1. In vacuo Debye scattering of the stretch 236-294, one point per C-alpha: log10 I(q)/I(0) at q = 0.20, 0.28, 0.29 Å⁻¹?
2. Ranked from highest to lowest mean number of other Cβ atoms within 10 Å per residue, what is the order of the peptides 18-29, 35-46, 152-163?
3. With a 1.4 Å probe and every protein chain left in place, work out the accessible area per residue of the stretch 240-288 in Å², rounded to a whole number.
4. For an R0 of 30 angstrom, estimate the FRET efficiency from the Cβ-Cβ distance between residue 191 and residue 249 and round to the nearest 0.05.
5. What number in nm² do you get for the stretch 107-213 if you take the convex hull of its Cα atoms and divide its surface by four?
6. Give me, ordered by chain and number, the residues 5 or more places off residue 231 or on other chains with an amide H under 5 Å from its own placed amide H.
7. Can you tell me the order of 275-287, 254-266 when each peptide is scored by its average per-residue count of other Cβ atoms within 10 angstrom, highest first?
8. Ignoring ligands, DNA and RNA, what percent of the 1.4 Å accessible area of the stretch 149-294 is carbon and sulfur?
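The values are calculated or read from the model by the stated rules, or taken from the named source; none is laboratory data. It should be emphasised that the depicted structure is a prediction, and the values quoted were computed from it without experimental measurement. FYI the Cβ positions are ideal-geometry reconstructions off the backbone, even for glycines, and counts take in every protein chain you see. To get the accessible areas, we keep the full protein, side chains included, count just its heavy atoms, and leave off ligands, DNA and RNA. Shrake-Rupley method; radii C 1.70, N 1.55, O 1.52, S 1.80 Å.
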Amino acid sequence: TFDSPARKAVVSTQSTGERLVHEFTHIRNQCLQPLAQFLDYMTYGYMIDNIILLITGTLRNRPIAELLPRCHPLGQFEELATISIAQSPAELFNAVMVDTPLAPFFSECVQDENDLDEMNIEILRNKLYKAYLEDFYKFCEKLGGTTADVMCPILAFEADRRAITITINSFRTDLLKDDIENLYPTCGKLYPEGLKFLKNAEDREEVRRICEKFGAYKELYNGVGDGPNDKTLEDKFFEEEVKLLALAFEQQFHFGVFYAFVKLKEQENRNIVWIAECIAQKNKNKVENYIPIF
């Protein structure tokens, strides 16, 4: 019902998200370079998800006008109106290649609209994220100073998280080892040796052993399991991400606080939904299993 805790949480997070987008857009419109470019990079990940959503919907013969409301507002861009008139995957491909800020990433990852089939859609998403993360990492390195000190570890962690997740999701698929390796971002702490181990992993337990060999992720799997009081690997990733994001506020005069603020707001929204769902399902013993921010 509308008055249920879960429903109220959804309405609350939507309102919070709209306010965040409004505040972010206001800052972006007021700032100068290179902060403007940094904020643009922050939106590219959401743009990738939006474009993949539109491509997937088009392949399933869903009207794009029906899909647009489901797009993340931080991934909206002016050219989206042009894309919305595409009626086929080929038209959508050509629009993306010409009329979006993601065109340089798409040109690296896909050369032919015939590659845009449902089987390859997740591969395309991972290729785009790889190109995006590596480019964002290089941009932060070029900025240097405290921004690089704060952002490079955050982006390196995100790259490694994606590499580990890609490896786990590749089990029981027909992907070749070299194809899997080509999806890994190369700006993380696991590069290069850890990625070579990961691509040859055969199961989750082997992934665990590989992570434990590297100091940065030695304790990543602590508390992970299938028991009622155990955590999921995703939970542990969120916890580690929050720690890195919180560190951004201990430094001054850098761009990383903008990135950290947006990501922590997203975690705050996830926490609200978790608490509300626990209450709605009368599972209050787990209500405190959210990811604390500070």
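1. One equal scatterer on each Cα of the stretch 236-294 leads to -0.74, -1.09, -1.14.
2. 152-163, 35-46, 18-29
3. With the other protein chains kept in place, the stretch 240-288 gives 61 Å² per residue.
4. Taking R0 as 30 Å, the efficiency between residue 191 and residue 249 is 0.60.
5. Directional mean of the projected Cα hull area for the stretch 107-213 stands at 7.3 nm².
6. Close amide H contacts, sequence-distant or interchain: 224, 225.
7. 254-266, 275-287
8. Heavy-atom surface of the stretch 149-294 belonging to carbon and sulfur, 1.4 Å probe: 49 percent.
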